[in-house]
Amino acid sequence: MHKSLRIIPAVFAALLLLSCSQSNDKAEQKQPNILLIISDDQGYADFSPFENHSAEISTPNMNRLAESGMIFTQAYTTAPVCSPSRAGLNTGKFQFRWDEKASWGPGLPDSVLTIAEYLKAAGYATARIGKSDYGTNYHKFNVREYPLNHGYDHFLGFSAHAHDYWLNSEESAKRTPDPNGTSAHLGPLMWDREYKSYDEGYLTDIFTDEAISYFKTKKDQPFFLTLAYNSVHHVIHEVPQKYLDKYEVKPIHNYDPDSIETFGNQQPGSYAAYYEKYTRLGAIQDEDMRKYYLANLNCLDDNIGRVLDALKAEGLDKNTLIIYISDNGGSPITGALNAPLSAGKYSLWEGGIRVPMAISWPGKVEAGKVQTNYVSATDILPTITDAAGITLTDQTIDGKSLLKPETDQKRLMVWKWGNTWAVRKGPWKLTNTNESWGKGRPSAQYIKPISNDLSLKLFNLENDPGERVNLAEEMPGKVEELQNSYNNWCSENLGKY
Ligand SMILES: [Ca+2]
């Protein structure tokens, strides 16, 4: 029998079970609205609620989330790059359960339920605005990975790794030999089952406008909105002029097929040539790359402010749970800063997987609290379903609700990424991770890790979050214990989802 035919009844049964377990709770309390905001490649030091944040950033609206809610100083994503991280975040499971090679493109199996599917079954209106990225089946409507096919009623955005911030029109796509030519693309946005063309406008603003108009229309029904900005992902220099002025950096021209821009072996005049040229250091130098990044981040923060203001103006702020998280650590090639953490996106050093995160829910989540226990992006699904009054029965969910007090200080957390892996238990982290920059060389903000090979490294993160002192040789017993924990987790769980 075809795989999907075998699996669909199981999914259907699970959803039916969910609807039943839901019905009693509905009458008792009004379900909260849920807003999940995801930023892209944001640096650990580029989040002003953290005490030791970079002095260069301007993110006052992210502070508002910290004032009304709780911030997490040790929040981990399940992968150091976008697609697998988002697969883990959306499903509450370590995506290498089904993608045992721990690749760039785990996809979304038919049998794995998403947050949106749980909430839709519980009576929520559901929408996704922004980036949708499972690393596979890009630009297609009729695949499981397309948001409308995994629980979302509405989608405006793109199904790809990245998107141009300015060129969102049909006309720009027509003039481009390769509108989908790289993992990034340009042109009209996917909009439910069709495309929507924007002759003008900046992508971060477009997503915010859509989010605000969405929740204005959903006041009589609880909503779940995933607002997945592609800011601050490359192409980082594409920012409205007022932010460039603020950070004193010059504008770079938009992609123009007539300019016949060249880069390496890319077809001259292709979008790939433009993208490859400006998404690494070279055409843009270190100091300017950081300025473009700061400008892009400032614009993102202003847009988050607009969302928060609109929620308040609509009287929705008191009954909306907001979760904010970056999908992976700051990228070595955008000018992001992960200090005091080593390395960044693309590797399992702390800089690749420890990210900014906040949860705000007035009256329900303690305001102003700094949570220093380590948590996982897989906790987001159980937290949201907990808030919505949904009982989870799936034993292969790896996360746990952050609305419940944490009692386990020795929680086992694992990562698998290509031929690298990591395990954390209490203050201890064991990893064989090497170094990876993506492409080109890393920017001046990048903090080089102490090793670039696959040898085993042991760190006490409580004293040494920057992973500067490898304790593997002096603590062979701890190495063995953690290695066994990781191996046991894999043999018990890989292939089970
Ligand atoms: Ca990312």
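Note on segment 219-238: among residues that are open to solvent by less than 10 Å² (accessible area, probe 1.4 Å) and under 22 Å from residue 31 (Cα atoms), the one that is farthest from the ligand (Cβ to nearest atom) is 223.
Rundown of residues vs (1) free of Cβ contacts under 8 Å to residues at least 40 places away in the same chain; (2) β-branched (Val, Ile, Thr); (3) open to solvent by less than 10 Å² (accessible area, probe 1.4 Å), yes/no style:
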position	(1), (2), (3)
272	no, no, yes
286	no, no, no
301	no, no, yes
307	no, yes, yes
310	no, no, no
343	no, no, yes
357	no, no, yes
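Only one of the numbered conditions (1) surrounded by fewer than 18 Cβ atoms within 10 Å (Cβ to Cβ); (2) touching a helix residue (DSSP H, G or I) at 6+ places or on another chain (Cβ under 9 Å) is violated by residue 395, and that is (2). What's the total number of residues in segment 256-305 that are of a type in the set (A, V, I, L, M) and closer than 26 Å to residue 325 by Cα? Total satisfying the criteria: 6.
Criterion applied to 493, 487 was being among the polar types (S, T, N, Q), open to solvent by 50 Å² or more (accessible area, probe 1.4 Å) and modelled with pLDDT of 95 or more, and the one residue passing it is 487. Whenever a residue of segment 399-412 is more than 16 Å from residue 383 (Cα to Cα), its partners that are open to solvent by 60 Å² or more (accessible area, probe 1.4 Å) and outside any loop (DSSP other than H, G, I, E, B), lying with C-beta atoms within less than 7 angstrom and at least six residues away or across chains, give the pairs 410/425; 412/425. Is it true that residue 86 is among the basic types (Lys, Arg) and open to solvent by less than 20 Å² (accessible area, probe 1.4 Å)? Yes, satisfied. Of everything listed in (1) touching a residue at least 40 places away in the same chain (Cβ under 8 Å); (2) crowded, with 24+ Cβ neighbours inside 10 Å, the single unmet condition for residue 459 is (1). Considering only residues of segment 129-151 that are of a type in the set (S, T, N, Q) and assigned to a loop (DSSP other than H, G, I, E, B), which is surrounded by the most Cβ atoms within 10 Å (Cβ to Cβ)? Looking at the filtered set, the residue picked out is 136. Residue 111 meets the stated requirement of being more than 16 Å from the ligand (Cβ to nearest atom) and surrounded by fewer than 24 Cβ atoms within 10 Å (Cβ to Cβ).
Could you check segment 422-437 and list, in sequence order, the residues that are assigned to a strand (DSSP E or B) and polar (S, T, N, Q)? 431, the sole residue that qualifies. Cβ-Cβ distances below 7 Å connect the following pairs, each with a first residue in segment 131-154 that is of a type in the set (A, V, I, L, M, F, W, C), a second residue that is buried (at least 24 other Cβ atoms within 10 Å of the Cβ) and not in a helix (DSSP H, G or I), and a separation of six or more residues or different chains: 148/155. Per the conditions (1) more than 14 Å from the ligand (Cβ to nearest atom); (2) under 13 Å from the mean Cα position of the chain (by Cα); (3) part of a loop (DSSP other than H, G, I, E, B), the sole criterion not satisfied by residue 75 is (3). When the test is whether a residue is in contact (Cβ under 8 Å) with a residue 12 or more places away in the chain, over 18 Å from residue 226 (Cβ atoms) and among the polar types (S, T, N, Q), residue 378 does not pass it. Can you name the residue in segment 429-456 that is in contact with a Leu (Cβ under 8 Å, 6 or more places away or on another chain) and among the hydroxyl-bearing types (Ser, Thr, Tyr) and, of all such residues, is farthest from residue 278 (Cα to Cα)? Step by step, filter segment 429-456, then rank; the result is 431. Screening residue 154 with (1) surrounded by fewer than 24 Cβ atoms within 10 Å (Cβ to Cβ); (2) within 15 Å of the ligand (Cβ to nearest atom) gives one miss only, at (2). Filtering segment 411-429 to residues that are of a type in the set (A, V, I, L, M) and open to solvent by 10 Å² or more (accessible area, probe 1.4 Å) leaves only 412.
When 337, 294 are screened for being over 30 Å from residue 389 (Cβ atoms), modelled with pLDDT of 95 or more and within 16 Å of the ligand (Cβ to nearest atom), only 337 passes.
The values are calculated or read from the model by the stated rules, or taken from the named source; none is laboratory data. Just so it is clear, the structure is predicted and the values come from calculations on it, not from any experiment. No Cβ is skipped: glycine too gets one built from the backbone with ideal geometry, and neighbour counts run over all protein chains shown. Side chains included, ligands, DNA and RNA excluded: accessible areas come from the protein's heavy atoms. Shrake-Rupley method; radii C 1.70, N 1.55, O 1.52, S 1.80 Å.
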